[in-house]
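Student: I am attaching a structure below and will ask some questions about it afterwards.
The values are calculated or read from the model by the stated rules, or taken from the named source; none is laboratory data. Not measured: the values here are computed from a predicted model. We place every Cβ from the backbone using ideal geometry, glycine too, and count neighbours over all the protein chains shown. Note: accessible area is taken over every heavy atom of the protein model, side chains too, but ligands, DNA and RNA are not part of it. Shrake-Rupley method; radii C 1.70, N 1.55, O 1.52, S 1.80 Å.
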Amino acid sequence: MESKQLVAELKTKLGEANFTFTFDEKHDKLRLEHKKIGRGMDISLPEILTKYEKKKQQAIDEVIYTIEQTFLAMQREKEQGFAGLASVYPIIRSTSFPKKSNDGHAFVMTDHTAETRIYYALDLGTTYRLIDESMLPKLNVTEEHIREAARFSVKKLPTSVKRDEVSGNVYYFLNQNDGYDASRILNESFLKEMESQIEGEMTVSVPHQDVLIIGDIRNEVGYDVLAQMTMHFFTVGAVPITSLSFVYENGHLEPIFILAKNKVKKEQEEK
């Protein structure tokens, strides 16, 4: 499938009665404007086409669902306003993720690691809305209020995991499909609880939004398995974050390649 065919498919599925479609061939993206709401969104076509190669029609169905739910949320926001802080959650994104909304408003953000950044969202049921600075007066809150509410909310999310063992190493998968799986990396009590079960070196991975992987790495093969695993999840995820894993030690997350580099440096200094 090519970009023009994808645009035609989206027009057929969504219909042109409610939407205005503007195809930017130069940048290979589609601008969707909702005629009734008066708001729009940009869609990167190459990302969908890559997923289409692997998932076929399912990839199209997923993007259609996301578009429809996003505009339903926009309409609900316009008609009903925003809910309270009880529905605020933290969202993990790559540091390459945009810092501003399509309307040009800066998102409320917090630094996390060299690979990840924390954003904040209002949960709207089937989707959520990232919080930007223009929303703070409407919510009658400060950025710190948002951060505090999100820290509290993430602790309430369920943390059940599935266990798998490969080549003597143990991997735990958290996959609730609630949109906040990767956000559990911010639940410090959960990480400490998992750390108490780890026999080797503890790793934490958030390759995409809908999965968190905790590794109990007991031999060198474990790192190779983890690297292959995270790269796979990174490439198939609807919202990829990072293929890089972190070592969790004393409450801190350290990228594995940085840790290895520091170890080599330390060994060289000792010699």
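Student: Could you identify the single residue in GLU195, GLU254, GLU199 that is among the acidic types (Asp, Glu), surrounded by fewer than 14 Cβ atoms within 10 Å (Cβ to Cβ) and either at pLDDT 95 or above or farther than 23 Å from ASP123 by Cα (or both)?
Tutor: One residue alone meets the criteria, GLU199.
Student: Which residue, of GLY104, GLY125, is open to solvent by less than 50 Å² (accessible area, probe 1.4 Å), assigned to a loop (DSSP other than H, G, I, E, B) and not β-branched (Val, Ile, Thr)?
Tutor: When all the criteria are applied, what remains is GLY104.
Student: Now for a separate question. Among the candidates LEU139, LEU130, LEU174, LEU157, which residue alone is touching a helix residue (DSSP H, G or I) at 6+ places or on another chain (Cβ under 7 Å), touching a residue at least 24 places away in the same chain (Cβ under 8 Å) and more than 24 Å from ALA227 (Cα to Cα)? Steps first, please.
Tutor: On the way: LEU139 fails: touching a helix residue (DSSP H, G or I) at 6+ places or on another chain (Cβ under 7 Å); LEU130 fails: touching a helix residue (DSSP H, G or I) at 6+ places or on another chain (Cβ under 7 Å); LEU174 fails: more than 24 Å from ALA227 (Cα to Cα).
Of LEU139, LEU130, LEU174, LEU157, the one residue that is touching a helix residue (DSSP H, G or I) at 6+ places or on another chain (Cβ under 7 Å), touching a residue at least 24 places away in the same chain (Cβ under 8 Å) and more than 24 Å from ALA227 (Cα to Cα) is LEU157.
Student: Sticking with this structure for a sec: Within the range 202-258, can you find the residues that are within 12 Å of GLU115 (Cα to Cα) and part of a loop (DSSP other than H, G, I, E, B)?
Tutor: Residues satisfying the conditions are VAL206, PRO207, ILE241, THR242, SER243, LEU244, SER245.
Student: Something else: Checking GLU62 against (1) free of Cβ contacts under 8 Å to residues at least 40 places away in the same chain; (2) open to solvent by 50 Å² or more (accessible area, probe 1.4 Å), only one condition comes out false. Which one?
Tutor: (1)
Student: Now for a separate question. Among the numbered criteria (1) under 20 Å from GLY237 (Cβ atoms); (2) open to solvent by less than 70 Å² (accessible area, probe 1.4 Å), which one does ALA149 miss?
Tutor: All conditions are met except number (1).
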